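Chemist: Mind having a look at this structure? Questions to follow.
The values are calculated or read from the model by the stated rules, or taken from the named source; none is laboratory data. Because the structure is predicted, anything quoted here is derived from the model rather than measured. Glycine gets a Cβ as well: all are built from the backbone with ideal geometry, and neighbour counts include every protein chain shown.
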């Protein structure tokens, strides 16, 4: 069983390097996706990512709700992405020799992410975590069925799992039930 966010924060406060690494790995996809969805490039997203975890390090002792570290990190990342995108909007036209008479270039929407999108990203992250916490058989089956752009055939799935084709449906139902139970503990 994976340690809770609160337990990881407590361990980080004690200087546990493994807890830092676990926390970083747990939230890296979520934090990196926020600036990318805001239209920032990879370098800018990396800057947001670094700023977010630096801010966490600086404020770790003052966090009042360590069990909500994921939401806190997402908020920091969203604000930094917004700040960076505003700074880039001011700098980019001057740096590229933009002239008002020129046709305006098509730019991505660099506005802040709506709260609904942030909530969706957080929910996707929690679901991904819950799938990763399942036993290997269920995790493999759910990844094959739902995380592939082209799901493999039932013959391929049966071969991968070493089960009969007729067992896939019932196994899927049991695995989804386990996932539902894991998600019941999370307040969406």
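Chemist: Tell me, please, whether a residue that is without any contact (Cβ under 8 Å) to a residue 12 or more places away in the chain, assigned to a loop (DSSP other than H, G, I, E, B), over 16 Å from residue 123 (Cα atoms) and touching a helix residue (DSSP H, G or I) at 6+ places or on another chain (Cβ under 9 Å) can be found in the range 165-176.
Modeler: No - not one qualifying residue is present in the range 165-176.
Chemist: Here's a follow-up. Evaluate the following for residue 152: is it surrounded by 13 or more Cβ atoms within 10 Å (Cβ to Cβ), modelled with pLDDT of 90 or more and in contact with a helix residue (DSSP H, G or I) (Cβ under 9 Å, 6 or more places away or on another chain)?
Modeler: The answer is yes for residue 152.
Chemist: Name the pairs: first residue in the range 30-42 and more than 10 Å from residue 78 (Cβ to Cβ), second residue outside any helix (DSSP H, G or I) and at pLDDT below 90, Cβ to Cβ under 6 Å, at least 6 apart or on different chains?
Modeler: Qualifying pairs under 6 Å: 39/108; 39/109; 39/110.
Chemist: Would you call residue 47 closer than 26 Å to residue 120 by Cβ and touching a helix residue (DSSP H, G or I) at 6+ places or on another chain (Cβ under 8 Å)?
Modeler: yes
Chemist: Considering every residue within the range 54-61, establish whether at least one is part of a helix (DSSP H, G or I), modelled with pLDDT of 90 or more and surrounded by 20 or more Cβ atoms within 10 Å (Cβ to Cβ).
Modeler: yes
Chemist: Any residue at all in the range 114-134 that is under 28 Å from residue 74 (Cα atoms), within 28 Å of the chain's Cα centre (by Cα), at pLDDT below 80 and assigned to a loop (DSSP other than H, G, I, E, B)?
Modeler: Yes, some residue in the range 114-134 is under 28 Å from residue 74 (Cα atoms), within 28 Å of the chain's Cα centre (by Cα), at pLDDT below 80 and assigned to a loop (DSSP other than H, G, I, E, B).
Chemist: Conditions first: (1) over 14 Å from the mean Cα position of the chain (by Cα); (2) at pLDDT below 90. Residue 17 passes all but one, so which condition is the exception?
Modeler: In the conditions (1) over 14 Å from the mean Cα position of the chain (by Cα); (2) at pLDDT below 90, residue 17 misses (2) alone.
Chemist: Is at least one residue of the range 143-156 closer than 26 Å to residue 125 by Cβ, in a helix (DSSP H, G or I) and touching a residue at least 24 places away in the same chain (Cβ under 8 Å)?
Modeler: yes
Chemist: Go through (1) surrounded by 14 or more Cβ atoms within 10 Å (Cβ to Cβ); (2) free of Cβ contacts under 8 Å to residues at least 24 places away in the same chain for residue 15 and report which single condition fails.
Modeler: Failed condition: (1).
Chemist: Would you point out the residue of the range 20-29, among those that are within 16 Å of the chain's Cα centre (by Cα) and without any contact (Cβ under 8 Å) to a residue 60 or more places away in the chain, that is farthest from residue 1 (Cα to Cα)?
Modeler: 28
Chemist: In addition: How about the range 62-74: which of its residues are crowded, with 16+ Cβ neighbours inside 10 Å and part of a helix (DSSP H, G or I)?
Modeler: Those that are crowded, with 16+ Cβ neighbours inside 10 Å and part of a helix (DSSP H, G or I): 66, 69, 70, 72, 73, 74.
Chemist: What do you reckon, is residue 137 in a helix (DSSP H, G or I), surrounded by fewer than 16 Cβ atoms within 10 Å (Cβ to Cβ) and either in contact with a strand residue (DSSP E or B) (Cβ under 9 Å, 6 or more places away or on another chain) or modelled with pLDDT under 70 (or both)?
Modeler: Taking the combined requirement at face value, the residue does not satisfy it.
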